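Scroll down for the structure; my scribbles are underneath it.
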Amino acid sequence: MKFRIESTMRFRRTNRSQNLAQRAGFTLVEMLVSTALVVLIMLMFAQIYGSAVGSITEQRGLANNDQKARQFDTTIRRDLQSMTFRQPSFPYGEVRGIVPLGPGDGPIVDPANQRGFLYYSENDFNDQTDDVLHLTTMVKIGQRGDAESKDQRQGFVGRAANLAGTDTNQPDADDGEIGNGLGLSRAAEVVYFMRNGNLYRRQLLLRDPLPVDPRFDPQPTRTDGLRRFRFDPASGSFNNGWQNYAGDFLDDFDYSATRVYSGTEDSYLWFNSVDSLANHVGFANVPMAIPWNRFGHFNNFSTTNDELADHGSPREYADQSDPTTFIGRLTQEETSNAIITYPGSVTLTGPQTETYAFRRTSVPATAPIIDRGALNGLNGGPRVGEDIVLTNVESFDVEIYDSEVGRFVDIGNNDTGTNNGTTQFQTLATPGGSEADDRLNVFYGPRRPADGVNRVFDTWHPNAEVVDIATSGLPLPANPTTVVFPPFRPLRTTNINPVDAWAPTTAATFGEVIYVPALNPNIGVDPINRSMFYTVVSGGTTGELQPEFPPIPGTTVQDGSVTWQCIDNRIGIQGLRITVRYRDQRSTLPRQLTIVHSFVE
């Protein structure tokens, strides 16, 4: 009995072991089910991970765009808030906003507020990639720049090569330390432009030498006190040929400079300084409001007719006759190329120097722009990318506020009709240099006058001179002597003619106007200045002797039984709007930044 029980138990264990051995692996169905479950779980995790990564990328893109927006907003607002050309204060005007300076405006230039210049070029108003904004700026205390201080400010810093060892009056010493290769200034010339998806900001310092008192000559001097780059009027020649800088000026110096002519085609290097901002002292300070003294403008003081015709015009196209070759200004990469020597020296035989920096001739027949946006022959400069403030930019659009229609418009727009109103800045106004229209000067701009497409706003200078090649004929005069108006200068009324001069013992009725004699010293020779006028507020008969008519708005003058009142006839530009659209490179998320700056103070 015992034997049977043990045999039975042994038999059962054997069968169980065999069954377990036979079922040691998974069946095909189990494998398929488990694989499907694993794949499903992996897909779920992949979707979650992808969504998380996408969300992180998007958030990072948004953060990058916001960071770029803050940085650019801070940079450009600082430049705009520190603009040197601002709304004139009383008694120099009663306008809201900034007003360009026209011929004869010398007596009413505000020496504190109307300094330097503001330049804006629209070019093709259907293209939001070819605008240029160019201005002078000066760091001061207060958001609107109401007080100057050299001790309490963060100035502009730039490269400054050492000119001669320990000479104390040179750009390398402007930061108080000689030999560190850096200069410091309260003021700078700044220009914004877009090219090849990059937004550039060129900054060129204005010489602001230390110490302040006694003040150094803004032009670098030697230890003996003589200017390093100078012309001797007594001998009519250059001293020891020191009119040039031997190196690559715009690579060695982040300073604004021009060339001053000695009465012939000989010229010498001139550093623009804080003194160059003054617009009320004529030509003595080599003012930057005169266009040919600025960066990116032709300086063609030449007896060659086609070159003289471009004297002072901005260079914004590699080929002025081809609107597809927009360059804005030369970049840091291009000006650091050793080919460019201007304004340190002038090489009349170098085609690249002639074409891009100094003269207009010898435009290359081949495509002037290579794939990544640099000019042929000028790419590869060692300072590539130093002036880029924003990348992956799709548009850079500048507009000005038109008080006539109550909105922002492009300069030189074609808006007409009762719905849009008639703007103050149209290309449809009849050109020709008469203040009967808001558009006064079609010859100044980056395109050839014959194209009729120059759309620029410039605050100008009372003594700015260009040659009107449409009326001067050929050959052109050896020197540009035709005084002209700024490109756009809207006025309240243009009903002031040469006959509207004062006359003795003459009946004058309410509303009659006369021009201001102080603003028209050469009446009959120069164009009539209509910036201000006197109007009759109480009629009667004028006296026997002409009274003084000071150009001060609101002033009343009693003339016999007639009462005159001075009226500011100018219309101020009240604001500027800048719209920039760009994308984050990795997430491709777009971002639009709009900056509105008021010129009203």
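The values are calculated or read from the model by the stated rules, or taken from the named source; none is laboratory data. Remember, predicted model here, so these are calculated numbers, not experimental data. Positions of Cβ are generated from backbone atoms using ideal geometry, with glycine treated the same way; all protein chains shown enter the neighbour counts. Side chains included, ligands, DNA and RNA excluded: accessible areas come from the protein's heavy atoms. Shrake-Rupley method; radii C 1.70, N 1.55, O 1.52, S 1.80 Å.
Things worth noting here:
- The residues of the stretch 482-601 have, on average, 45 Å² of accessible surface per residue, using a 1.4 Å probe with all protein chains present.
- Computed label-point distance, nm, for sites Ser395 and Asp127 using a 7 Å Cα→Cβ extension: 1.5
- For the stretch 479-601, with all protein chains in place and a probe radius of 1.4 Å, 51% of the accessible heavy-atom surface sits on carbon or sulfur.
- For Met288, Met42, the ranking by accessible surface with the largest value first comes to Met42, Met288, using a 1.4 Å probe.
- Per residue, the accessible area of the stretch 37-178 comes to 47 Å², computed with a 1.4 Å probe over protein heavy atoms only.
- Once divided by 2.2 N^0.38 Å, the Cα radius of gyration of the stretch 511-601 becomes 1.93.
- Peptides ranked, highest mean first, by Cβ atoms within 10 Å: ranges 99-112, 529-542: 99-112, 529-542
- Positive contributions from Lys and Arg (+1) and negative ones from Asp and Glu (-1), summed over other residues with Cβ under 12 Å from the Cβ of Asn392, come out at +3.
- On a per residue basis, the stretch 251-294 carries 26 Å² of accessible surface, using protein heavy atoms and a 1.4 Å probe.
- Largest accessible area first, the listed residues Ile400, Ile388 line up as Ile388, Ile400 when surface is computed with a 1.4 Å probe on the assembled protein chains.
- Whole-percent carbon and sulfur share, accessible surface of the stretch 30-163, 1.4 Å: 57
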